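Only one structure is covered here, and it is reproduced in the block below.
Read the figures in this text as sums done on the coordinates, not as results from a lab. Model, not experiment: these values are computed from the prediction. Cβ: placed from backbone, ideal geometry, glycine included. Neighbour counts: every protein chain shown.
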Amino acid sequence: MRTVRALWGSSHPGPTLVVTALALALGIATGLEAWRLVLLTTAVFVGQLSVGISNDALDAQRDRAVGRTDKPIARGDVSAGVAWGAALGVLALALVLSAPLGWRMLAAHAVTLGSAWAYNAGLKSTPWSIVPFLVSFGIFPSLATLSAPDPSFAAWWAWIAGASLGAAVHLTNVLPDLDDDARTGVRGLPHRLGPRVAAIVAALAVVAGAVAVLLGAAGGDLAAVSPVSWLFFAAVVAVAGTTAWRAIARPPSRALFRLVMLAALLLAAQMVASGSAFVA
Ligand SMILES: CC(C)=CCC/C(C)=C/CC/C(C)=C/COP(=O)(O)OP(=O)(O)O
């Protein structure tokens, strides 16, 4: 039980659950039948576990060096060997669960996870640290559309919305850790931009994602945007505004990342509520 709790704690549970909820919402918006929806959601959940646990397994020495008490592997609650076994096991399971949804979905999920693992494996310490987030979150809406009986990629605007939110996730996630990262040599893009610029660019990326969903779902015609979509758009812009305001007025905190997650959930809810067809 202690091991399971430690592995769950290493999986970055908050983001794992949010990404899983996003997959569920996009699957519903795509109109997937029940078994496809269950497989898609479970495969994404399990894949996220693999990304989160491998991230903490790779970071364990650095986390120990800076005394991070929120990291179960660094704390010694579970051994690195067990964590690696679990990360590889759930990675394989994610791919096995994706396979019945078709080879296109399997390939897309493999690329999504490969890109996330590449971040963990070293890209996080380079100026290119944002690229895996653009790639994985850009492809993400297509995991739902490729799970349909008649598979196709998501529409262009869903790629833009996904990539924009992915950028915002990365730019805000690392902000509370900048000092620890400086001590252990992790210098990704947000570290180079500095906390304020990173958070303001993140807020702008959230607005770009909201515009993509608003216009894309209405076929580019502002007059065709439904009142429900305008409501969601206003809510997401308010969340982005709060993110920018907090970045200017207060020291960087975990709240900025949570605001970006909230914006992602609102945009996914908008796609469900407005019945957006986001198939290419
Ligand atoms: C849709 C999808 C599959 C997206 C995943 C994309 C991606 C690159 C994920 C990496 C997530 C992760 C574990 C970040 C932790 O980063 P950190 O090591 O910088 O920070 P932390 O461990 O201190 O939180």
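Assorted remarks:
- Helical segments meeting 20 Å axial Cα length and Kyte-Doolittle 1.0 threshold in the chain (DSSP H): 13-30, 80-98, 131-145, 195-217, 227-249, 254-273
- Reciprocal of mean inverse Cα separation for segment 177-244 (Kirkwood radius, Å): 13.8 Å
- Stokes-Einstein D for the chain, Kirkwood Rh over Cα pairs, 37 °C, 0.692 mPa s (µm²/s): 173 µm²/s
- If only the Cβ of Lys and Arg carry +1 and only the Cβ of Asp and Glu carry -1, the dipole of the chain around its Cα centre is close to 640 debye.
- Distance cut-off 22 Å, percentage of C-alpha pairs in segment 18-154 lying past it: 40 percent
- Cleavage-rule hits (chymotrypsin sites (Phe, Trp or Tyr not before Pro)) in segment 33-130: DSSP loop, at most 16 neighbouring Cβ within 10 angstrom: W128
- V18, V213 arranged by Cβ crowding within 10 Å, fewest neighbours leading: V18, V213
- With Rh defined as the Kirkwood radius, the inverse of the mean 1/r over Cα pairs, the Rg/Rh of segment 1-94 is 1.07.
- Whole-number percent relative contact order across the chain, with pairs defined as alpha carbons under 8 Å at least 6 apart: 20 percent
- Those trypsin sites (Lys or Arg not before Pro) in segment 230-266 that DSSP places in a loop and that have at most 15 other beta carbons within 10 Å: none
- Residue order, fewest to most beta carbons within 10 Å, for I73, I200, I139: I200, I139, I73
- q = 0.17, 0.21, 0.23, 0.24 Å⁻¹: log10 I(q)/I(0) that the Debye formula gives for segment 82-137, counting C-alpha atoms only: -0.60, -0.82, -0.91, -0.94
- Highest mobility in the GNM of the chain, judged by mean-square fluctuation with C-alpha springs under 10 Å and restricted to L106, L215, L22, is found for L215.
- Helix-only [θ]222 nm of the chain, DSSP H runs n ≥ 4, -39500 (n - 2.57) each, per residue, nearest 500: -25000 deg cm²/dmol
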